[in-house]
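The values are calculated or read from the model by the stated rules, or taken from the named source; none is laboratory data. Keep in mind the model is a prediction, meaning the values are calculated, not measured. Methodologically, a virtual Cβ is constructed for each residue, glycine included, from the backbone with ideal geometry; neighbour enumeration extends over all protein chains shown.
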Amino acid sequence: MRQRILILFILISVPVFLLGESEREKLFSKANQAYEAGQMQEALERYLDLLYSGEVSFQLYYNLGNAYYRMGKIGRAIQYWEKAALLQPQNGDLNHNLELARLKILDRVVLPKAFFLFEYYWDFRSSADMLSWLKRTIWLAFFTLFFWFLPYWLILGKNIRSNLNHYLKIPKIILLILFSASILISIDAIRYNYGNHQAIVISNEVQVKSAPLISSNTLFILHEGSKVNLILDENKEWYKISYYGDKSGWVRREDLGEI
Amino acid sequence: MKRILFRFIVTLLLPISFLKSEPRVTASVDQHLITMKSRFTFSIEFEDFSSFPGFSYDFKPDFMLISGPSRSTQFSIVNGRSSSKKVLSYTLAPLREGELTIPSFSFSYRGKTYTTDAVKVSVQGQIVNPAARQSRPEQAFIEVIPAKTNIVSGEAVSVIFKLYYQVQVVNYSFDPISAIEGALIENIQQSRNPAVSEENIQGQIYNAAVLRRIIITPTQSGKLIIPPQRVRLEVKSQRGGSFFDDPFFGGAFTQSKDIITPAYTFDVKPLPPGRPETFTGAVGEYSLSAGLDTNSVQANQAITYSITVSGNGNLKIFTFPKITFPKTFQVFEPKVKENIRVQDNGISGSKTWEFVLIPDESGQFELPPATFSYYSPRQNRYLSIEKSVPTLFVSPNERLIVENQGSLTPQQVQFLREDIRHIFSQESGIRPAKISLSKDRSLKIAIASLSMLLILFITSNLLWYRRVNDPAYQRRLSAFSKAKEALRQTDGTELLGISAALNRYLADIFNLLEGEVHMATIERKFPRAKQAKLVLGELQDLMRLLEALKYAPAQDLPKDIKEQVSLMIQKLEDIRE
């Protein structure tokens, strides 16, 4: 009886699972077809349907950004490309699009070149997202432990510890260094991921106010596509933002798209 | 029929074409004897020209063009002969006295060249200033009176046009002077009702009023001529001597009268040699001030270096000499602010240059002083002024934010022409929208593997330490090697030594005291396996033999007893493993 129930469950669940996958692929494909036919509004709606399903992918964010760009909404385009960059920071096509879009925004900011070692490190850290760094660290921990204590486990049966210890000495040290570095990078990636709340200005022009009130003074003006840092001091209608750490103020939520 | 019609038209038109005479051009003036204050009309007649030929005529240096050219056309047919006449008229005024000639000129018209005749005009009686005047027959005349006659290039001088009159002037029109070759002109705003005073000239009382004031700034040395200007006066006159011509009966009427101002010539001297390097053409009396909006900034923040030149003179003409700032500063084109007033006595005010500087590096900087040179007509020499600015302190700035819309590099401009890359056709790595560490499958696998390894590691370590610290285990571990060593040191004839090695081995492996090594104890602790039972039997036999040999003579001791014991120990070790 139990076996029959199990077989019935498998027979029902497998097609449902397969159907779910193909439905998503079909939607994605239809959105792409609309994009290629120049029907950007339709393509955008289909991509957004996929987005609202609760599951995302690098390609979905990327294509969404492209659709917004074709519709002239450069702020939204940058927002979704930035989201895609969190998943695949080193993607060449994505970086090309982002670079092109950033040249077209009004409030272009050119930061000075940092110390070259920092730049190397930031590039290396952004070669993978936070989750990948965590996984790498855990697997490195696994292998470090395995090789480090392998001779002790083997000695339980036979007395050959000394020879094995000799051969494993260098791999053990390398693994330990890699593991230590990976832990530090993972901590930094987590801090960067959770500590960097950023958003893109999606309205043509945004007045940054001194207080979350329409009647308050305008401190400065930002234009579509500018990236701002969100400060965790918000209310229902306003975000407190800082612009490259130099200026801060309040912006209406509807003018920003969170990354 | 068509041929007949053609012949008729040709027959009709042919005589007309023959009647039409050759085109002809003549030049003439309406009067040949004129005074300096007179104006005259110079006309060019084009006879039988179907249109006005295109050309330009330059009357300089002897004549000034007052107005024109005006155009008129006449057409007539006399005795079947048609003729047309087109006339270009110029109103001219002489610039000097003497026998002057309007030169001939040539032009091309429909492939043929035509030349006019030169026209002579006799000009007499130039009036330079009131004192030089011997006779003044006019009832109204205008004098050109400069504030200073001896001027140098670049020196601004005020000039007034003063009307002297003995008639009743009710109105006047005097157009602003727009341009004079070799000089800049500033017309001073003048009241429509100028103040009138009485002046005695050559024993006659005239009313005098300043109609126009200009500031003239010569831009080159040499002769500078203020050409004659036309001033139209509305003069009230009376009719003849009849009783009814009395103004009471409306006998007065208004008449327009044009007066031509005399030409005035300045002899502009060049600026003397020995110009300082920082001289950029300023002539007048000036003062200089310079400063920074702040003397303490962070690197990459902008500061303003302001230089102000104040005084009287040709403020509108000159620029500020170039300042060479340190190379570590970004220097932008200066913003020029002018506060210049054109007044009766000349041009005065100030001119400010604001240089925006951005220091690239931190440090303490002595910016170059502002140095300005000008020519002082009052002192007849060049003067230089220098103003220093305070020391600038630039502190380091870790961030650089340059917001500059127009600063794209050529590579970036080229890049802007490119398009975005194409979309991806397939998705991969689909994941929940929110990154959740607890829901990532591969992360779970990694964590589970590590956990298992850790559990294994801890468990095995516990076992390892327990065994390492167990004395019975230590005895078992070293039992075989100790027995081998004991047998090696024993001679084959030393039964006690051989027996002791076996007993110690058995005591070690079964964790017994040496006194407890008996057949019964060993049998109880011996493994129950079938193969072990066989070895146990052999061990019992060997132990009995060793016991019996204790009491036997030495010569009865088997020669291989040591090997038998060694073999037994090896068998026991194999079972134990």
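Contact map, the stretch B:161-185: residues that are at positive phi paired with residues that are outside any strand (DSSP E or B) and at pLDDT 85 or above, Cβ distance under 8 Å, separation 6+ or inter-chain. Pairs shown: B:Gly182/B:Thr219; B:Gly182/B:Gln220.
If you filter the stretch B:211-261 down to residues that are outside any strand (DSSP E or B) and at pLDDT 85 or above, you find that the one that is farthest from the chain's Cα centre (by Cα) is B:Thr261.
Annotation: B:Arg431 fulfils all but one of (1) facing chain A (nearest Cβ under 7 Å); (2) at pLDDT 80 or above; (3) over 30 Å from A:Asp107 (Cβ atoms); the unmet one is (2).
When the stretch B:275-331 is examined, which residues are found to be surrounded by fewer than 20 Cβ atoms within 10 Å (Cβ to Cβ), of a type in the set (S, T, N, Q) and over 30 Å from B:Asn345 (Cα atoms)? Residues satisfying the conditions are B:Thr294, B:Asn295, B:Ser296, B:Gln298, B:Gln301, B:Thr304, B:Thr324, B:Thr328, B:Gln330.
Run down B:Ser104, B:Ser135 and say which single residue is of a type outside the set (A, V, I, L, M), modelled with pLDDT of 80 or more, part of a loop (DSSP other than H, G, I, E, B) and loosely packed, with under 12 Cβ neighbours inside 10 Å. Spell out the reasoning first.
Values: B:Ser135 fails: modelled with pLDDT of 80 or more.
From the options B:Ser104, B:Ser135, the qualifying one is B:Ser104.
Considering every residue within the stretch A:212-232, establish whether at least one is in contact with a Gly (Cβ under 6 Å, 6 or more places away or on another chain) and under 19 Å from A:Lys83 (Cα atoms). Yes, there is a match, as at least one residue in the stretch A:212-232 is in contact with a Gly (Cβ under 6 Å, 6 or more places away or on another chain) and under 19 Å from A:Lys83 (Cα atoms). Every listed requirement among (1) surrounded by fewer than 21 Cβ atoms within 10 Å (Cβ to Cβ); (2) touching a strand residue (DSSP E or B) at 6+ places or on another chain (Cβ under 8 Å) is met by A:Gly75 save one, (1). Restricting to the stretch B:434-453, name every residue that is closer than 19 Å to A:Ile190 by Cβ, at the interface with another protein chain (Cβ under 7 Å from one of its Cβ atoms) and of a type in the set (Gly, Ala, Ser). Across the stretch B:434-453, the qualifying residues are B:Ser442, B:Ala446.
Would you confirm, using the coordinates I've provided, whether B:Phe480 is within 14 Å of another protein chain (Cβ to nearest Cβ), crowded, with 16+ Cβ neighbours inside 10 Å and touching a residue at least 60 places away in the same chain (Cβ under 8 Å)? Yes, satisfied. If you go through the stretch B:454-477 and pick out every residue that is facing another protein chain (nearest Cβ under 10 Å) and surrounded by 13 or more Cβ atoms within 10 Å (Cβ to Cβ), you end up with 8.
The one condition from (1) within 47 Å of the chain's Cα centre (by Cα); (2) assigned to a strand (DSSP E or B); (3) crowded, with 17+ Cβ neighbours inside 10 Å that B:Tyr172 does not meet is (1).
Yes/no matrix, rows are residues, columns are (1) loosely packed, with under 13 Cβ neighbours inside 10 Å; (2) outside the structural domain of B:Glu494 (by TED's automatic domain parsing); (3) within 60 Å of the chain's Cα centre (by Cα); (4) in a helix (DSSP H, G or I):
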site	(1), (2), (3), (4)
B:Arg524	yes, no, no, yes
B:Ala532	no, no, no, yes
B:Leu536	no, no, no, yes
B:Tyr551	yes, no, no, no
B:Val565	no, no, no, yes
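Considering the stretch B:21-36, and only residues there that are surrounded by 14 or more Cβ atoms within 10 Å (Cβ to Cβ) and farther than 14 Å from B:Phe105 by Cα, the residue that is modelled with the highest pLDDT turns out to be B:Val29.
Could you grab me the full set of residues in the stretch B:415-425 that are part of a loop (DSSP other than H, G, I, E, B) and within 7 Å of another protein chain (Cβ to nearest Cβ)?
From the stretch B:415-425, those part of a loop (DSSP other than H, G, I, E, B) are B:417-425; that's our starting set.
B:Glu418, B:Ile420, B:Arg421, B:Ile423, B:Phe424, B:Ser425, listed by residue number.
Can you tell me which residue is farthest from the other protein chains (Cβ to nearest Cβ) among those in the stretch A:101-145 that are touching a Lys or Arg at 6+ places or on another chain (Cβ under 9 Å) and closer than 18 Å to A:Asp188 by Cβ? This residue is A:Glu119. Output the residues belonging to the stretch A:221-247 that are surrounded by 15 or more Cβ atoms within 10 Å (Cβ to Cβ), free of Cβ contacts under 8 Å to residues at least 40 places away in the same chain and within 14 Å of chain B (Cβ to nearest Cβ). If the condition is that a residue be surrounded by 15 or more Cβ atoms within 10 Å (Cβ to Cβ), free of Cβ contacts under 8 Å to residues at least 40 places away in the same chain and within 14 Å of chain B (Cβ to nearest Cβ), then A:Val228, A:Asn229, A:Tyr243 are the ones that fit.
If only one of B:Ile160, B:Ile205, B:Ile185, B:Ile151 is at pLDDT 85 or above and surrounded by fewer than 16 Cβ atoms within 10 Å (Cβ to Cβ), which one is it?
Details: B:Ile160 fails: surrounded by fewer than 16 Cβ atoms within 10 Å (Cβ to Cβ); B:Ile205 fails: at pLDDT 85 or above; B:Ile151 fails: surrounded by fewer than 16 Cβ atoms within 10 Å (Cβ to Cβ).
Sole residue among the options that is at pLDDT 85 or above and surrounded by fewer than 16 Cβ atoms within 10 Å (Cβ to Cβ): B:Ile185.
Would you tally the residues in the stretch B:152-169 being within 18 Å of B:Val231 (Cβ to Cβ) and either in contact with a Leu (Cβ under 9 Å, 6 or more places away or on another chain) or not in a strand (DSSP E or B) (or both)? Steps first, answer last, please.
Initially, the stretch B:152-169 is screened for residues within 18 Å of B:Val231 (Cβ to Cβ), giving B:159-169.
Remaining after also requiring either in contact with a Leu (Cβ under 9 Å, 6 or more places away or on another chain) or not in a strand (DSSP E or B) (or both): B:160-163, B:165-167, B:169.
Summing the residues that are within 18 Å of B:Val231 (Cβ to Cβ) and either in contact with a Leu (Cβ under 9 Å, 6 or more places away or on another chain) or not in a strand (DSSP E or B) (or both) in the stretch B:152-169 gives 8.
From the list A:Tyr68, A:Tyr80, which one is aromatic (Phe, Trp, Tyr), on the phi < 0 side of the Ramachandran plot and either within 16 Å of the chain's Cα centre (by Cα) or facing chain B (nearest Cβ under 8 Å) (or both)?
On the way: A:Tyr68 fails: either within 16 Å of the chain's Cα centre (by Cα) or facing chain B (nearest Cβ under 8 Å) (or both).
Testing whether each residue is aromatic (Phe, Trp, Tyr), on the phi < 0 side of the Ramachandran plot and either within 16 Å of the chain's Cα centre (by Cα) or facing chain B (nearest Cβ under 8 Å) (or both) leaves just A:Tyr80.
Just to verify a result, which residue in the stretch B:394-428, among those that are in contact with a Ser or Thr (Cβ under 8 Å, 6 or more places away or on another chain) and at pLDDT 80 or above, is surrounded by the fewest Cβ atoms within 10 Å (Cβ to Cβ)?
Step one: of the stretch B:394-428, the residues in contact with a Ser or Thr (Cβ under 8 Å, 6 or more places away or on another chain) are B:394-397, B:425, B:427-428.
Then drop every residue that is not at pLDDT 80 or above, which leaves B:394-395, B:425, B:427-428.
Numbers: B:Val394: 23, B:Ser395: 12, B:Ser425: 12, B:Glu427: 20, B:Ser428: 8.
Of everything passing the filter in the stretch B:394-428, B:Ser428 is surrounded by the fewest Cβ atoms within 10 Å (Cβ to Cβ).
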